[in-house]
Every structure is written in C-alpha cells, then in structure tokens.
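For reference, the structure discussed in these notes is given below.
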Amino acid sequence: DLTRLARATGGRVVVTLADMEGNETFDAECLGRADLVQEERIGDGEMLYIRGSAFSKATTIVLRGANEFHLDELDRALHDVLMVIKRVLESAAVVAGGGAVEAALSIYLEKKAESLNTREHLAVREFAQALLVIPRTLSVNAAQDAIELVAKLRANHHASLLDIGDAKLKFTGLNLVDGCVCDNLQCGVVEPAISKIKCLRFATEAAITILRIDDMIKLNARPSPETPR
C-alpha cells in the first residue's frame, strides 16, 4: 500500500530517517503531493481517500456488496474485465466476439477440406465441426435455440466467404440477449486477438497430444483385505 501511495502522489518511501552520520534528517523531495486527504466511513469501516494526486494514473476501486460471497464474485468479475483490457492494449488488435471467429474459421476449413483428395480432409472437416462447439455452448448457456442460431451464424459467414450480400457479414456473431445474430463489431462485442489465437493454438496442441497416445497402461484395483486370493 505504501508503494502504491508513493506512486500515486509522486513521493518516495523512506525506510529510515537516519543518515550516514547517524543523525535524523529528511529530504523534502521525498514528499508526495495531493489536493485532498480525508477519511470517510464506508459501511462498518473507515477508509482514507487521497484525491487530486500528482499522478492520476493510479486509481482505487471500492467494491461494496451484501456479503463476502458477493464481494468475491465482484472481485473476480472486475479482475477478468481488467485482464481483458490489458490483453487488448498488449495486442492492439481485436476480433468480433460471440462465436464469429469460430464460425468463420469453420466455414473456411470446410471449403478447404473439399479441395483435399487425401484422408486429411477427414481431419480438417472434424476440426471445422469442433470449432462450432463454442457458439453452440454459448447459445445453450444463454437458454437460446442453439440449432437455429448456429445455422444463421453459418449462413451469414458462408455468404461472406462467397462475397454475397453485405461485406460486414464476416463480423456476424451471436446476440444472446435478443436471441439473434448481429454485427458484433459494430455492437462492441469484441475479444483480444492474442487471446483468441492462443486459445486455438493450445486447444490444437492438446488434441494432437491426445491423438499421439497409442497405448495405455491400466493398473488393476488393489484388492481389499477381506477379498480371498
């Protein structure tokens, strides 16, 4: 807390007032600056508010809830939001959310599988079908008709791939509030591009690792002492 306070006010944390000669001295340059410092009562506790600090980049968010469980949920939700914003700033690129990327990639891979004349087209086609698990799961969790929404989502991305209709169809994603599909890029439903790339990469590597397992060693259950041998 002292380190954060020093960063906010532009001061420095002083560990000791003793100098090299053993005398107590203090450098005025270590002091921070703020317009207002006051103590306010929040709920059952008192908190110290520092407003108008020298560096406005430091901000404290006060969470209030009915009980500890509610506060824990708010804390996790706020942490997730801050991490998403951090990822967006790190990657400097976003993609349309709501299953738009998975649906577009699924349609593209299905077209790619049709051009393969080896058994690899089976793997590509199954990979394309596996990508639809994301929008289907989102629909089910929102208590929406997953079959209808995924069908509309695939139709829009298929039309976008064939350059039929509006060019913005490639940004089509799920609108789980109204139970329809829409341009999620325009609606502000986006995801960090780096997170989406990492998710697809890790999931693919995990599937490849599982498929490489060609044998399994299974240990028999340890017999109980009462079981006769």
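The values are calculated or read from the model by the stated rules, or taken from the named source; none is laboratory data. Bear in mind the structure is a predicted one, so any value in this text is a computation, not a measurement. Glycine also receives a Cβ, built like all others from the backbone with ideal geometry; neighbour counts cover every protein chain displayed. Calculation scope for accessible area: heavy atoms of the full protein, side chains included, ligands and nucleic acids excluded. Shrake-Rupley method; radii C 1.70, N 1.55, O 1.52, S 1.80 Å.
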(request) Can you tell me the dipole magnitude for the stretch 51-105 around its Cα centre, using point charges on the Cβ only (Lys, Arg +1; Asp, Glu -1), in Debye to the nearest 20? (result) 360
(message) If I compute mean projected area of the Cα convex hull in nm² from the structure I just sent, which labelled value in (i) 13.4; (ii) 28.5; (iii) 14.5 lines up?
(response) (ii)
(request) With a probe of 1.4 Å, find how much accessible area the chain has per residue, and write the answer as a whole number in Å². (result) 78
(request) Check every DSSP H run in the chain and write down those whose alpha carbon atoms cover 30 angstrom or more along the long axis and whose mean Kyte-Doolittle hydropathy is -0.5 or greater. (result) 68-91
(message) Charges on Cβ only, +1 for Lys and Arg, -1 for Asp and Glu, centred on the Cα centroid of the chain; of ILE194, LEU48, LEU71, which one is farthest towards the dipole's positive end?
(response) ILE194
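Based on the mean of other beta carbon atoms within 10 Å per residue, what is the order of 195-208, 19-32, 101-114, most packed first?
Highest mean packing first, the order is 101-114, 195-208, 19-32.
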(message) Tell me the accessible surface of HIS79 in square angstrom (1.4 angstrom probe, heavy atoms of protein chains only), to the nearest ten.
(response) 100
(message) Using +1 at the C-beta of Lys and Arg and -1 at the C-beta of Asp and Glu, which of GLY173, VAL140, HIS157 has the Cα lying farthest in the positive direction of the dipole of the stretch 88-229?
(response) VAL140
(message) Let's see if you can work this out: charge +1 on each Lys and Arg Cβ, -1 on each Asp and Glu Cβ, no other charges. What is the dipole magnitude of the chain about its Cα centre, in debye to the nearest 20?
(response) 1080
(request) For the stretch 102-213, give the magnitude of the charge dipole about the Cα centre (Cβ charges: +1 Lys/Arg, -1 Asp/Glu; no others), in debye to the nearest 20. (result) 380
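Considering only the other residues whose Cβ falls under 13 Å of the Cβ of TYR108, what net charge follows from Lys and Arg at +1 and Asp and Glu at -1?
Local net charge: +2.
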(message) Not counting ligands, DNA or RNA, and with a 1.4 Å probe, what is ARG51's accessible surface area in Å² rounded to the nearest 10?
(response) 100
(request) Pull up the cross-link candidates among the lysines for LYS86, meaning alpha carbon to alpha carbon under 25 Å and not fewer than 8 places away within one chain. (result) LYS57, LYS196, LYS198
(request) Would you compute, from DSSP H runs of 4+ residues alone, the mean residue ellipticity of the chain at 222 nm, taking -39500 (n - 2.57) per run and dividing by the full residue count, rounded to the nearest 500? (result) -15000 deg cm²/dmol
(request) Keeping the other protein chains in place, figure out the carbon and sulfur percent of the accessible area of the chain, with a 1.4 Å probe. (result) 57
(message) Taking the alpha-carbon distance from LYS111 and a cut-off under 17 Å, which aspartates and glutamates remain once sequence neighbours fewer than 8 residues away in the same chain are dropped?
(response) GLU102, GLU120, GLU126, ASP163
